[in-house]
Structures are given as structure tokens and as C-alpha cells.
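The values are calculated or read from the model by the stated rules, or taken from the named source; none is laboratory data. Note that the structure is predicted; figures quoted are calculated from it, not measured. Here the Cβ positions follow ideal geometry from the backbone for every residue, glycine too, while neighbour counts run over all protein chains shown.
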Amino acid sequence: MRLRILLLAAVACAISVPPLPGAAAETAKPVKIGMITTLSGAGAALGIDIRDGFKLAVDSQGGKLGGVPVELTVVDDGQDVEAAKQIATRMLKQDDVDVITGIVWSNLAMAVVPTVTRAGKVYVSANAGPSALAGKGCHENYFNVAYQNDNQHEAMGQYVTDRGFRRVYLLAPNYPEVDYAAEIANLRAAKPDAVFFFLPGGMGVNFVKQYAQAGLAREIPLFGPGFSFDEDILKATGDAALGVANTSQWAWDLDNPANAAFVAAFRQAYGRTPTLYASQGYDAAQLIGSAIKAVNGHVGDTDAFRAALRRADFASVRGPFRFGPNQHPIQNIYVREVVRSGDLITNRLAGTVFTDHQDAYAAECRMER
Amino acid sequence: MRRRSVVLAAGLALLLAVPPLAAIAGEPFAVTLASRVLIYALAAASLDFIVGYGGMVSFGHAAFLGLGAYTVGIVASHAFDGTAVPLLPFAWHGTDSALIQWPLAMLISALFALVIGALSLRTAGVYFIMITLAFAQMLYHLFLTLPTYGGQDGLNLWRRSEIPGLDLADDVSFYYLTLALLIISLLILKRLVHSRFGMVLRAGKQNEPRLQALGIPTVRYKLLAFVIAGAFGGLAGALTVNHTEFVGPGLLHWTRSGELLVIVILGGLGSLYGSVVGAAVLLILEEVIAGWTEHWMIVLGPFLVLVVLFARRGLYGWLAGREAEGD
Amino acid sequence: MTAQLVFEQTLNGLQQGVMLFLMAAGLTLVFGIMHLINLAHGSLYMVGAYAAATVIAVTGNFALAVAGAVVAAGLTGMVVELLALRRLYGRDHLDQVLATFGVILFFNELVKILWGAQALFMAPPAWLAGSVPILPGAAPYPAYRLFIIAVGLVVALGLRQLIVGTRLGMLIRAGATHRDMVGALGVNIDRLFTLVFALGAALAGLAGAMAGPLLAIEVGMGETILILTFVVIIIGGIGSVRGALVGALLVGVVDTYGRAFLPLALRTLLPPAAADGLGASISGIAIYVLMAGVLIWRPRGLFQAYGG
């Protein structure tokens, strides 16, 4: 059958973690996990860290999660919605995966997640947390282990208010742009007390650099969400980001045993300090592992698998963590500060803004079955 | 039997056999891929109609694909939300019916083709290429930035279009419907090519000044052809949004227009049926080579250059022999 | 809205326009003389940006990086011309579009293999990293952007000198209008074509290097600017370097004004979020509307140099 051969050959650029031979329990059938994430383009660093964090968890357990072998297929979506949708369709119809995870961007998640949940499979978000999926569009097959998108911004709003800033200029993209000359000039003319911006990935790097080039870094303090000042971003912005406060549900110097082990293992495996994304990828794997263990590998028993996921019975690297009724995190949000440490520009934990914080959409969620 | 008839009959038999073969092979995804091939074949055939027969090298055909898809997506989203479609003189809450959605998609695409064509046909040659490209990019930007219908995020199609007696959510039904529409469209386009209208169109490609000297308003003929191509592009768009259950601005991106041109040339310029061969080869090659290496573009790029330089007749011409040129 | 803001946004528009001019000049020359529509012009821009980022990572010297970009893009252009594109002169435009589309796919993938899929970032040289006061009372303006404007103007003057004042320029002008005659007079047309192509490629490489410190250096960056460049040369008139300059500055200023002032203007009528959304939509298509307007008025652009 020629077509069949063609299609068998067509399993896209996959990085497979093969199950270890001989280690099979009686539940031997490996759990298939599909990861759709961004590995190319300006946003590649984000997907790479989610993948590496996730793989670290799998590798450190000898290719297993929760004691059961895992077949992980990672496919690059190129930050393209249609590509992501096609990859998801293929994973569901052809590869017959049990769980899908990994999408970085909310617009991609909005297109892909309903496809997955309606096919009766579980989606675990390791980053994107659009409000539509946290509120009215929540689904029993959809879990977000990272955050609801508003979390970091809510915390920053609180923090900026606490610090006494009154006139704050907000900048967020309508669509991808790379040059902010026009926006920065407008911003300066508005003479705000502070600037808060939300520009994910490479857009944030450009903005921070151009903000410094325009001489504004010394004049108007800059605030942003944690991912805009993550370790990968700081490598590119250099000094331009020094002193900026940013909010995050995780920090590499957060003091708990799970985190200490994670940061050390990540540094050893990849030779760099993990980012927020890496922590989320790692926690996604830990969460999935905890549920696989609870159902003894029988992830096909979706009710039991979901119930186990809901319990979130794992030691999160961010410390206290549990799911709210909409299966989004209830967690602390911290503030970090960009500092120079030796030759490196890095983040230092500076305080806690919210404790046991839940998103604003949970009340709107009537869990769909 | 003539070679061309054999090739066409074999091709049709193969297309009809895809779903049962996929079922036997236990590869249901093959039907999804094959549907995609048919949809792209339809879009490419409508482009071939103006490029291959009318000599209008449109580099913005993805615009019509996108407009058709967005028309269905928008109408369906209003039906899903129960909200009224804006900018209408009457209150209409959209619909899920394909019998309304799809002709509407063709109509909207045709209307835009009328405007874009009327402006672009003021020019010719390289200007025409770049202007059609620029208009398509303008629509791309419009959908990218307009927040009402998803902007950069695009629109989910929550329910596939409805046709009484057919379940389009079923991949096999959807495949056969797409196949039927493709065949009907190809036959219509073929008839047009061989009609008096088509003769003027083809003659215009050879020697436009002579026709004008004969008092034939060639621009009007070309514009009509452009509009027809736009309408069939819109139909392909309506099918695409049902196929992926999603429409985003990426569908209008200029690289998509480029892909359509590639399919036309690969299949054979001015052959219509060649579009099916071109689409099948490009999309299946993409699947296969992408399985071997993630860097498949490094193969495709030089391959395209070679096709242009050395294999101008296209695959259909190679399959069907000399007779294909009478098509 | 103050006069200072308008002034600053005008500079931003000029800076964007100058970048577009560096791209458009090469594209329009290649078209004017070889009648070749080259989609891969954006790839040369990308090659320039990557080359610059690589050289600066090794040497830390910005001037070397720019030189490296110009040389790398120029040589790449020459090789592509010799291997593939010269076979396309005289072929119809459809063939040229497809073949150069293939060249784009090839270069995008090649760059991915050589440099990886992740975006690169490049810092401006230290002496241009800050901002300088230009008008009393106005906000200081980023020095690097002023530098780009200066480079663009120098290149524009240099090109003019080249075209009007040198033998090569004379051949270029003659080639654009009477190609066969130039060949018949014994000029080595092949060499002239390769030279012109390399010149256009080098300018694209220069643009790529200049863009490096402002943008993310990534695969696909060439296509973004390519489409804008097309709009520029359609407005300016294909084949005309003067048209390219006027078109580029026009597009740069219209685009920047749209992005800067439309949302502000709409805010007086609409709530801020709606104003920003609509403003972004309209400003996003403003240059295409400009192009359509120019075409209705003058179907062959503002400064027509070539007949069809």
C-alpha cells in the first residue's frame, strides 16, 4: 500500500523518547504525549524551554512519567495557527496520542484546545491561558498548569499601585511588530509616571532595547510581566533591563526543595539557568506523571485520569499549587527584580504580591462535559 | 483509448478509491490529507484559469481563498453566538447552512475580485503581479488587525457547514463532497475555456492588440475571467474553513498565493486537470520529505528552480503526453 | 499632539523610508535593466543581517560587521545570478516569480541550518547606543536611527553620482532603455548584468546590517520588508531610482504617521481600546490605499522609467 508507506514516513520532525526495554510494568503500553510548541522564529526560545523543561522531567525518570514509559513527540508549530491546528489533527487522527501539551501562544491555543478536548483527549497547557478557556469556555479535558493570562498583569497592577505610581502607560501589541519607534515617541509625549508593557518573545527584546536607546530607561521606570524579563530575554537585552521589576509565579531562586533540584538538574543538563517557561514545562510533565501514576498507566480511563490530574498531587517547583474549579492554578505571584550578578544579568526574588491567587474567570466556568 | 483519457480515468478511479483504501490500510488521516489536496487543487485550478488561459499572472489569489473562508467563518460565528451580522440593512443572525454559506462565499470573493481586478487590470505585466500581491497583502493586514473577527487569532468554526442528508463532520462524506465539487468546477471551467469567451481569453493572451483592433473589449473579458476565478477561489476557501475548522489571516498570506502558483506550474500551466496532480504532488511530497528531514524546503526550493528552467510542461503534460496541450 | 512629537515621528518615518530605499534601489535597478522580478531580494537582506550579527559576535566591531554584510550579500547575489537567475532574463515574469520564490525557500532553510531557528539579536555600536538632543525643547532622538538616516542619504547621493557621473552609470541608463543597442555596441552585457545584480544585493545586505540592531534577526525577515519594497517601487515607478527614493520616504512617513497619530486622533471619537484597534487596522492598510490611489492616478507610478 503505497499511500500507507508514504504516510508512515510522514510522522513529522519528531523527537521521540523511546521507552526503555525491560522496564515494562504490566501496564506496559506507553503513554503517548504530543507536544506542539514553537521551536523556530522570534518566539523559539519559549518553546525550546518548555520542551527542555518537559524533557528534563521525563529524562530524569529514565524515559518514564509516573513509572510508565512515555512516547513524547515534539513538533514545531512555527508560531503559526494553521500549522498548529494541522499538527493537532494529525496527532489525534494519525498518531492517536493520549495527551497534548506545549502550545506557547494563546491564539494557537484558542484554535487547538477545542479540537483536542472535543476529540475526548486531555490538553495540559504549559503556558497559554486565555480568558475564554478559563471562564465560559472551560472544559473538563483542559488543564492549565502555568497561569491564567491575567495573573502576572494583575499582580503587576497591584505592585505598581502599591509603589504609588498614578499615571501608568500601557503598551500591548495589536499584531506582531518589530520596530517601536512610533510607539515610543508617543509614549514619551504622554509623560507617564511608569510604563507597563506586554510584548511576548522577541518583540519584548526589541522594545526594551529601543526603550533604552531612546534614553527613557533612566527617565520612566519600566514594568512588565515575568516572561518579558526572563533569563533568555535578559541575555539579549543586557544592561538595558537592569532594575526592572517584573511579576511571576516562579523564580529560579525560589526556596523550596523541588525547585532547588529542578534548577540544579536543568543547569547541569542544558548549561543555562531555566526560565519561567522551562519551569512550566517541567511542572506540566510532573502533573501528567502524577496522574499517570494514580491511574497506573491506564490513561484511557479518562474519568479517573482527569480526577487524578485535578488533584495535582505533585511538588510544584513554584511551591504551593492547586487547581481551582476551572482547572487553572491557585498560586502565589511574586515580584522579581533584574540585577547584575557578576558578569550575568539575572532576576532576584524581591517579594510576594499575591498569596493563593485565583484568576477572575473561575466563577464564569460551568464545567463542560 | 487515447492516452489522455486513460490518465484521466485512472486519476478519477484513484481519487474515488482513497477512502476505502485508507480504511483498509488503517490510515484514516489519509482521507484528511486527500481532502486538503482536492481543496488546493480547486483553488489552483481557478488560478490556472486566469494565468494559464488569460495570461494574468495574479500573485494574490490567496485573497479569494481567504475571503471565502472568512465569509463562512463569520456567518457561522454569528449563528453560533446568536448575534446579528453587522453592516446589514436587516437583522440576520448568520447560518450554518452550506447552501447559503458557500454561494455567499463565492459571491463575496467575486465582488472583491471585481474591485481588485478592475484596479489591477489598468496595468499589465510586472505591475499586475505586484499589484495583485499588494492587494492580497492589504486584505491580509485587514484581517490581521481587525479585532472584530479574531484579528491575529483567527476564528474557530465550531460547527461544520450543514447540508441536508450529509454529515460533513464525517471525514469520508466531506471528502466525497469536496471531490464532487472539484469535478463540477473543473467541468465548468473547461466548458468556459472552450466557449467563445474562452477563445477570446486565450487569443488575448497571444495577441491582445490584435483583438482590440478587432473591436473586442479584451479588458472586460479579462475582468470577467478574474471574477470567475475569484468565485471558485472563494468556494475553495469555504471548503478550507470546513476542513481545518478554523480560519486565520495566514490563509491570505502571500506565501499561500505563491504556493498556489507553484501548484499550477508543477501540474502544468493551462491544463486545469494538472492542478490536481500539482496539488497532490506538492502536498504529499511535503508530508513525505518533512518526515525525513525538517529542512524539506532546502529540497523544494532548488526543485522549483529546476522545474521552471527545464520542465515547463508540468506533470500533467508529462503524464498525458502531447494531447494535454489541446486541453 | 505637539510640534515636537510630529517632528520626532517625521524622523521615525524618514528612518523607515531610508531603510526601504536601500532595498528598493537595488530591486528597481535589477528590474529596470534586466527586466527581472526578483522575489529573493529580501533573502539578500536577511543574509546581510545574519552576516552582520556573525561578524559582530566574532570581532565586536560594527564597521566590520557592516562591511561583512555588504560583501556577503553582494557575493551571494553574484552566485545566485550566475547559477540561476541569469537564465531567467527574457523569460516571462511568471517563471521569474516562481524560480525566485524557490530561491527564497532555499535561503530561508539554509539560514535555519547554518544559524538555527532562533532569532538573533545584535547591539548597536557603543558610540551610537544612546540618544542625542537635536532640537531645543524636543526629546532626544536615538543616535542609531539618525545614523541610519545619514547612511541612507549618503547612499542616495552616491547612487546618483554613480548613475549620472560614471561610465557604469551611463551603461546602466542606456541598458534600461535600449538594452539590445548597448549589447550591439560591444558592451559585455553579461558582466554588466552581474555587476548590477551584485550592486543591488550589496545594498540589500547593507539594509539588513543596518536593521540588525533595531529588529530581531530571524528567518522570514526578508519577506516582511520585500512586500513593502514592492509597494515602494510600484508607487515610485518600476526602474526609477529617483522614484524609489520618493516612494520609500512617502511609504515610511505615511506608515509611521498612521501608526502614531491615527489611534490618537480616533481616541477623540471612540473609547481608547476601540480607537487603538481601529487605528491599527487602518494604519496597517494605509500604504496599500496610498498605492491604489497612486495607481488610479498614474498606473505606472510617479516616475515611470520602464514601459511595461
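Looking at this structure, is A:Gly215 outside any helix (DSSP H, G or I), at pLDDT 90 or above and either out of contact with any strand residue (DSSP E or B) (no Cβ under 8 Å at 6 or more places or on another chain) or facing chain C (nearest Cβ under 10 Å) (or both)? The answer is no for A:Gly215. For the stretch B:140-150, a residue qualifies if it is at the interface with chain A (Cβ under 7 Å from one of its Cβ atoms) and free of Cβ contacts under 8 Å to residues at least 12 places away in the same chain, and exactly one does: B:Thr145. Inspection of the stretch B:97-107 identifies no residue that is over 27 Å from A:Ser106 (Cβ atoms), more than 14 Å from chain C (Cβ to nearest Cβ) and assigned to a loop (DSSP other than H, G, I, E, B).
Taking the stretch B:131-167 as the range and being surrounded by fewer than 19 Cβ atoms within 10 Å (Cβ to Cβ), part of a loop (DSSP other than H, G, I, E, B), touching a helix residue (DSSP H, G or I) at 6+ places or on another chain (Cβ under 6 Å) and not charged (D, E, K, R) as the test, only B:Trp158 passes. Considering the stretch C:205-220, the residues that are under 18 Å from C:Gly17 (Cβ atoms) and of a type in the set (A, V, I, L, M) include one that is farthest from the other protein chains (Cβ to nearest Cβ), namely C:Leu206.
Taking helices (runs of 4 or more DSSP H) as the structural unit, those lying wholly within the stretch C:136-227 and holding at least 3 residues that are closer than 20 Å to C:Leu27 by Cβ and in contact (Cβ under 8 Å) with a residue 12 or more places away in the chain correspond to C:143-165, C:167-177, C:189-211.
Here A:Gln148 does not fit the description of being crowded, with 21+ Cβ neighbours inside 10 Å, at pLDDT below 90 and either assigned by TED's automatic domain parsing to the domain that holds A:Asp283 or closer than 21 Å to A:Gly351 by Cα (or both). Taking the stretch B:258-307 as the range and being small (Gly, Ala, Ser) and touching an Asp or Glu at 6+ places or on another chain (Cβ under 6 Å) as the test, the residues that pass are B:Ser271, B:Ser275.
For the stretch C:277-308, filtered to residues that are at the interface with chain B (Cβ under 9 Å from one of its Cβ atoms) and β-branched (Val, Ile, Thr), the residue that is nearest to C:Leu14 (Cα to Cα) is C:Ile287. Of all residues in the stretch C:125-145, those being touching a helix residue (DSSP H, G or I) at 6+ places or on another chain (Cβ under 8 Å) and within 11 Å of chain A (Cβ to nearest Cβ) number 12. Close Cβ contacts (under 8 Å, 6 or more residues apart or on different chains) running from residues in the stretch C:255-276 that are under 19 Å from C:Asn12 (Cα atoms) to residues that are in a loop (DSSP other than H, G, I, E, B) comprise C:Phe261/C:Met1; C:Leu264/C:Met1. If only one of B:Ala320, B:Ala290, B:Ala229 is under 20 Å from B:Val37 (Cβ atoms) and modelled with pLDDT of 95 or more, which one is it? Of B:Ala320, B:Ala290, B:Ala229, the one residue that is under 20 Å from B:Val37 (Cβ atoms) and modelled with pLDDT of 95 or more is B:Ala229.
For the stretch B:241-251, the criterion of being buried (at least 19 other Cβ atoms within 10 Å of the Cβ) and at pLDDT 95 or above is met by at least one residue. Take A:Arg267 and decide whether it is within 22 Å of A:Ile330 (Cα to Cα) and outside the structural domain of A:Asp232 (by TED's automatic domain parsing). Considered against the rule, which asks whether it is within 22 Å of A:Ile330 (Cα to Cα) and outside the structural domain of A:Asp232 (by TED's automatic domain parsing), A:Arg267 comes out as no. When A:Gly238 is tested against (1) touching a strand residue (DSSP E or B) at 6+ places or on another chain (Cβ under 7 Å); (2) within 15 Å of A:Arg336 (Cα to Cα); (3) within 14 Å of chain C (Cβ to nearest Cβ), only condition (2) is not met.
Does B:Tyr70 fit the bill of being crowded, with 24+ Cβ neighbours inside 10 Å, in contact with a strand residue (DSSP E or B) (Cβ under 7 Å, 6 or more places away or on another chain), assigned to a helix (DSSP H, G or I) and more than 11 Å from chain A (Cβ to nearest Cβ)? Taking the combined requirement at face value, the residue satisfies it. For the stretch B:207-289, the helices (runs of 4 or more DSSP H) that sit wholly inside it and include 2 or more residues that are out of contact with any Pro (no Cβ under 8 Å at 6 or more places or on another chain) and within 25 Å of B:Leu315 (Cα to Cα) are B:218-244, B:254-267. Scanning the stretch B:121-130 for residues being assigned to a helix (DSSP H, G or I) and either free of Cβ contacts under 8 Å to residues at least 24 places away in the same chain or touching a strand residue (DSSP E or B) at 6+ places or on another chain (Cβ under 7 Å) (or both) gives a total of 3.
From the set of residues in the stretch B:260-282 that are out of contact with any Leu (no Cβ under 7 Å at 6 or more places or on another chain) and either of a type outside the set (S, T, N, Q) or free of Cβ contacts under 8 Å to residues at least 40 places away in the same chain (or both), which is surrounded by the fewest Cβ atoms within 10 Å (Cβ to Cβ)? Ranking the qualifying residues of the stretch B:260-282, first place goes to B:Leu269.
Residues of the stretch A:192-212 being in a loop (DSSP other than H, G, I, E, B) and within 10 Å of chain C (Cβ to nearest Cβ), which ones? Of everything in the stretch A:192-212, just one residue is in a loop (DSSP other than H, G, I, E, B) and within 10 Å of chain C (Cβ to nearest Cβ), namely A:Gly201. Annotation note: of C:Leu98, C:Leu105, C:Leu94, the sole residue that is closer than 14 Å to C:Gly222 by Cα, within 7 Å of another protein chain (Cβ to nearest Cβ), aliphatic (A, V, I, L, M) and out of contact with any strand residue (DSSP E or B) (no Cβ under 7 Å at 6 or more places or on another chain) is C:Leu105.
When you scan the stretch A:82-186 for helices (runs of 4 or more DSSP H) that lie fully inside it, which ones turn up with 3 or more residues that are within 11 Å of chain B (Cβ to nearest Cβ), of a type outside the set (A, V, I, L, M) and under 30 Å from A:Pro69 (Cα atoms)?
A:106-118
Pairs meeting the criteria (first residue in the stretch A:112-125 and within 12 Å of A:Gly137 (Cβ to Cβ) and at pLDDT below 95, second residue assigned to a loop (DSSP other than H, G, I, E, B) and polar (S, T, N, Q), beta carbons under 8 Å, at least 6 apart or on different chains) are A:Thr117/A:Asn141.
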